[in-house]
Amino acid sequence: MRLNFLAGLIALAFFSGHDAASAQSLASDPTLRCPMDQPYEQDNPFARILRGELPASLVYEDEQVIVIMPLEWDHPGHALVIPKRPVRTLFDMTPSEMGHALDVARQVGVAQQRALGSTGFTLVQNNGRSQHVCHVHFHVIPNTPRATQNPVPRADLDHMAERLRAAFPRD
């Protein structure tokens with residue numbers, strides 16, 4: 001029941017306020033990097049991380065998702081929840097998969113609060129528009145002081161991943 005509720009919230013947030021005219025204007029927008037009508041790209045960075053071809057600073061992993069640190073951030077502790085299945089957009093995910101990803105994002109928020117003293121977090125998920133990697137992922141951005149780093153040194157990513165991993169809920 002809880003997963004159905006979470007999936008409904010995602011669908012509501014995604015579809016609310018988008019009609020055919022706004023969808024048309026979005027399609028012509030230059031920030032549209034991952035058009036939704038394209039096939040999944042097996043060589044995208046997240047697919048390569050999942051296959052072990054690229055390094056990642058791992059916070060959490062289960063049978064459905066991984067949580068890693070992004071290569072750049074505006075707020076230290078920013079993390080990405082990435083489904084293991086090759087899914088390009090939310091349209092490619094099942095309601096159960098969406099619910100699980102959101103539950104893991106909630107747990108990341110708890111870890112951010114415990115490890116960093118974050119007073120909250122922002123959850124961001126793009127579909128086509130402003131999506132830089134064409135594989136579904138959820139940004140969990142903690143309410144920490146702004147400290148932009150681009151790129152973040154690997155040692156700092158690994159250290160932050162360890163801090164979040166140590167604070168990750170065990171429920």
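Residue-by-condition table, conditions (1) of a type in the set (A, V, I, L, M); (2) farther than 22 Å from residue 149 by Cα; (3) in a loop (DSSP other than H, G, I, E, B):
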site: 34; (1), (2), (3): no, yes, yes
site: 75; (1), (2), (3): no, no, yes
site: 103; (1), (2), (3): no, yes, no
site: 109; (1), (2), (3): no, no, no
site: 112; (1), (2), (3): no, no, no
site: 115; (1), (2), (3): yes, no, no
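Quick one: residue 122 ticks every box in (1) under 14 Å from residue 74 (Cα atoms); (2) part of a loop (DSSP other than H, G, I, E, B); (3) of a type in the set (Val, Ile, Thr); (4) free of Cβ contacts under 8 Å to residues at least 60 places away in the same chain except a single one, so which number is it?
All conditions are met except number (2).
Given the structure, is residue 144 more than 24 Å from residue 48 (Cα to Cα), without any contact (Cβ under 8 Å) to a residue 40 or more places away in the chain and among the β-branched types (Val, Ile, Thr)?
In short, no.
For the range 70-113, which residues satisfy the criterion of being β-branched (Val, Ile, Thr), open to solvent by 30 Å² or more (accessible area, probe 1.4 Å) and either over 23 Å from residue 35 (Cβ atoms) or under 13 Å from the mean Cα position of the chain (by Cα) (or both)?
Correct list: 110 only.
Do the conditions hold for residue 89, that is, is it hydroxyl-bearing (Ser, Thr, Tyr), in contact with a helix residue (DSSP H, G or I) (Cβ under 6 Å, 6 or more places away or on another chain) and modelled with pLDDT under 95?
Spelling it out, it is not the case that residue 89 is hydroxyl-bearing (Ser, Thr, Tyr), in contact with a helix residue (DSSP H, G or I) (Cβ under 6 Å, 6 or more places away or on another chain) and modelled with pLDDT under 95.
Given the structure, is residue 168 more than 11 Å from the chain's Cα centre (by Cα), open to solvent by less than 40 Å² (accessible area, probe 1.4 Å) and not small (Gly, Ala, Ser)?
For residue 168, the condition - more than 11 Å from the chain's Cα centre (by Cα), open to solvent by less than 40 Å² (accessible area, probe 1.4 Å) and not small (Gly, Ala, Ser) - is met.
Here is a yes/no grid of residues against (1) outside any loop (DSSP other than H, G, I, E, B); (2) closer than 28 Å to residue 143 by Cα; (3) touching a Leu at 6+ places or on another chain (Cβ under 6 Å); (4) at pLDDT below 95:
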site	(1), (2), (3), (4)
41	no, no, no, yes
48	yes, no, yes, no
53	no, no, no, no
60	yes, yes, no, no
63	no, no, no, no
67	yes, yes, no, no
71	no, yes, no, yes
82	yes, yes, no, no
85	no, no, no, no
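Tell me which residues, restricted to the range 114-146, are over 30 Å from residue 35 (Cα atoms) and open to solvent by 20 Å² or more (accessible area, probe 1.4 Å).
Correct list: 114, 115, 116, 117, 119, 120, 143, 145, 146.
The values are calculated or read from the model by the stated rules, or taken from the named source; none is laboratory data. Just so it is clear, the structure is predicted and the values come from calculations on it, not from any experiment. Note: ideal-geometry Cβ built from the backbone for every residue, glycine included; neighbour counts use all protein chains shown. Ligands, DNA and RNA are stripped out before the accessible areas are found, and what is left, the full protein with its side chains, is counted by its heavy atoms. Shrake-Rupley method; radii C 1.70, N 1.55, O 1.52, S 1.80 Å.
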